[in-house]
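K.L.:
One structure, pasted below without further comment.
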Amino acid sequence: MENQNKSETPAPAESKKNYSGRRKYYYRKKYNKNPNKDYSAKTSEQKLEFKKVSIVVPLLNEEESLRPLFFEIKKAVKSISCDYEIIFVDDGSTDKSLKVIKELNKEDGKVKYISFRKNYGKSAALQLGFKNSTGDAIITMDADLQDDPAEIPNLLKKLQEDYDLVSGWKKKRYDPFIKKYSSKFFNYITGLFSGININDFNCGLKAYRSEVVKNINVYGELHRYIPVLASWNGYRVTEIIVKHQARRYGKTKFGISRFFKGFVDLITVVFTTRYIRRPMHLFGFLGFLSFLAGLLVNGYLTYEKLVLDRWISNRPLLFLGILLIIVGIQFFSVGLLGEIMVHNSLDDREYIIKEKN
Ligand SMILES: Nc1nc2c(ncn2[C@@H]2O[C@H](COP(=O)(O)OP(=O)(O)O)[C@@H](O)[C@H]2O)c(=O)[nH]1
Ligand SMILES: [Mg+2]
């Protein structure tokens, strides 16, 4: 996992190197005036290696933002050298969002849409958007204009520096106080548990190679942990600073209840990514600890009874010891059952292959 952000963020202006700068560069390279100097930093001049970019936009009740967003995306993609598509995923909106998307689809062949009959959540919308994307690079972004489409070329440039996922970092955020700080807390905890050193896990603006999104499965509130899922599956993840803006229309959908649901999902991520193929490592370890603690407690009580000749059947400690032993055996049994299930369901498809011939 690499975390190369901050200073490496290509400023938009940097991409427009003038011709005389380029001539100087080739001149220097040709005559090798300074062999120790690294000229490779000129990568931002390169054309994009991607053939097609799919821009996936999950949304819920964003009727006013959609049209301005569409125009801003159109403006941003003018500066990239490949084909593109915009996939709006309407998640059971109750306002006129679907109507606006349908109009955009009629006006512009690059616009596709999927509309759910009811609200399934942002993760489900992203998953379906990923499934239906045909590009070799995927961009995700929020529909409320808080993410700036002008960052799309920057994300793609970073992605082609041999990364598989580039996540946005809203270093300067335009959100209410409570949201800013709850988010800081969430990022801190997620960083701590996952061991991944990025600052903003839940930024809507991200770029992926298509292989990543076809191989990870997002449901529940798991979209918050996409960088974790990707990194633990062996993909190279990095982060760049992106511009963030205050909400212009409508209101936020992320209340405190979603915040707590998100934390429960951290356990799912840890379990499904780290232990799904080796449940005994988790349950066996917990079972062993519990069993051992119970054995020590009851061993001590046995000593009291046999050697010191004390009365132990009215001691709360006895019940704790018994409980720990039973729980330990249960953990062990769950681990064993898990191992049997894994053994029976092992499938080559679960391993992500980087290359083969
Ligand atoms: N598909 C889908 N998108 C959602 C849902 N809730 C929010 N969104 C979209 O996710 C993006 C971010 O949501 P927002 O309410 O602005 O959250 P905030 O930026 O964290 O305050 C916006 O584009 C929303 O339309 C949902 O339940 N389903
Ligand atoms: Mg928002």
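K.L.:
Given a cut-off of 29 Å, name the pairs among Lys110/Lys180; Lys158/Lys261; Lys74/Lys251; Lys158/Lys251; Lys184/Lys243; Lys170/Lys251 whose C-alpha atoms lie farther apart than that in the structure shown.
P.N.:
Those over the limit are Lys110/Lys180; Lys158/Lys261; Lys158/Lys251.
K.L.:
Oh, and also: For region 99-172, compute Rh as the Kirkwood radius over C-alpha pairs and then the Stokes-Einstein diffusion coefficient at 20 °C and 1.002 mPa s; write the answer in µm²/s, rounded to an integer.
P.N.:
Result for D is 148 µm²/s.
K.L.:
Also, I was wondering about something else. Pairing the Cα long axis of helix 97-107 with the longest principal axis of the chain, what angle in degrees results, from 0 to 90 and rounded to the nearest 10?
P.N.:
The answer is roughly 40 degrees.
K.L.:
Mean separation of Cα pairs under 8 Å and 6+ residues apart, divided by the residue count of region 141-236: what relative contact order is that in percent?
P.N.:
37
K.L.:
Quick check: residue separation of Glu211 and Leu295 times 0.36 nm, minus the Cα distance between them. What number comes out in nm?
P.N.:
Roughly 25.3 nm would be gained on extension.
K.L.:
For n ≥ 4 DSSP H runs only, could you compute -39500 (n - 2.57) per run for the chain, divide by its residues and tell me the 222 nm figure to the nearest 500?
P.N.:
-14500 deg cm²/dmol
K.L.:
Please work out the FRET efficiency for the pair Asp162 and Trp311, using the Cβ-Cβ distance as r and a Förster radius of 51 Å; give the result to the nearest 0.05.
P.N.:
0.10
K.L.:
Along region 329-345, what does the Karplus equation 6.51 cos²θ - 1.76 cosθ + 1.60 (θ = phi - 60°) give for ³J(HN,Hα), rounded to whole Hz, x for Gly and Pro?
P.N.:
Those phi angles translate into 5, 5, 4, 4, 5, 4, x, 5, 4, x, 4, 4, 5, 4, 4, 6, 10 Hz.
K.L.:
Looking at Gly255, Gly204, Ala150, which one has the Cα that reaches farthest to the positive end of the dipole of the chain (charges on Cβ: Lys, Arg +1; Asp, Glu -1)?
P.N.:
Ala150
K.L.:
Provide the convex hull volume over Cα atoms per residue for region 279-350, in Å³.
P.N.:
Cα-based convex hull of region 279-350, divided per residue, equals 69 Å³.
K.L.:
Suppose a student asked you for the relative contact order of the chain, using Cα pairs under 8 Å spaced at least 6 residues apart; what percent would you report?
P.N.:
RCO, the chain: 17 percent.
K.L.:
Just to confirm the number: angle between the C-alpha axis of helix 122-131 and the first principal axis of the chain, 0 to 90 degrees, nearest 10?
P.N.:
60
K.L.:
A follow-up question, please. Under 5 Å between amide H atoms, partner at least 5 residues away or on a different chain: which partners does Gly135 have, H built in plane at 1.01 Å?
P.N.:
Ser54
K.L.:
Mind giving me the nanometre distance, one decimal, between the label points for Lys106 and Ser333, set 7 Å out from Cα along Cα→Cβ?
P.N.:
Rounded to a tenth, the inter-label distance reads 6.3 nm.
K.L.:
I would also like to ask the following. Can you compute 3J(HN,Hα) from phi for each residue in region 307-323, using the Karplus curve 6.51 cos²θ - 1.76 cosθ + 1.60 with θ = phi - 60°, rounded to whole Hz and x for Gly and Pro?
P.N.:
Per-residue couplings from phi come out as 8, 8, 6, 9, 7, 10, 6, 9, 8, x, 4, 4, 5, 4, x, 4, 4 Hz.
K.L.:
Using all Cα-Cα distances in region 44-134, what percent lands in each 10 angstrom bin from 0 up to the longest?
P.N.:
Per 10 Å bin, starting at 0, the Cα pair percentages come out as 17, 48, 28, 7, 1.
K.L.:
Continuing with the same structure: Just to compare against my own numbers: the Cα pair-distance distribution for the chain, 20 Å bins, whole % per bin, please.
P.N.:
Percent of pairs per bin, in order: 24, 46, 21, 7, 1.
K.L.:
Determine ³J(HN,Hα), in whole Hz, for all residues of region 214-224 in sequence, where each value follows from phi through the Karplus function 6.51 cos²θ - 1.76 cosθ + 1.60 and θ = phi - 60°; x replaces Gly and Pro.
P.N.:
Working through the residues one at a time gives 7, 9, 9, 10, 10, 8, x, 10, 5, 4, 5 Hz.
K.L.:
Here's another thing I want to ask about it. Among Phe331, Phe260, Phe319, which one moves the most in a GNM of the chain with springs linking Cα atoms closer than 10 Å?
P.N.:
Phe319
K.L.:
So between Val270 and Lys354, what do we pick up on full extension, going 0.36 nm a residue minus the alpha carbon distance?
P.N.:
28.0 nm
K.L.:
Between Lys251 and Lys78, what is the label-to-label distance in nm when each label sits 7 Å out along the Cα-to-Cβ direction?
P.N.:
Computed distance between label sites Lys251 and Lys78 equals 3.7 nm.
K.L.:
Tilt of helix 256-270 relative to the longest C-alpha principal axis of the chain, in degrees (0 to 90, nearest 10)?
P.N.:
On a 0 to 90 degree scale, this one is about 70.
No lab work stands behind these numbers, since they all come straight from the coordinates. The shown structure was predicted, so the numbers you read here are calculated from the model rather than taken from an experiment. Positions of Cβ are backbone-derived with ideal geometry, glycine not excepted, and every protein chain shown enters the neighbour counts.
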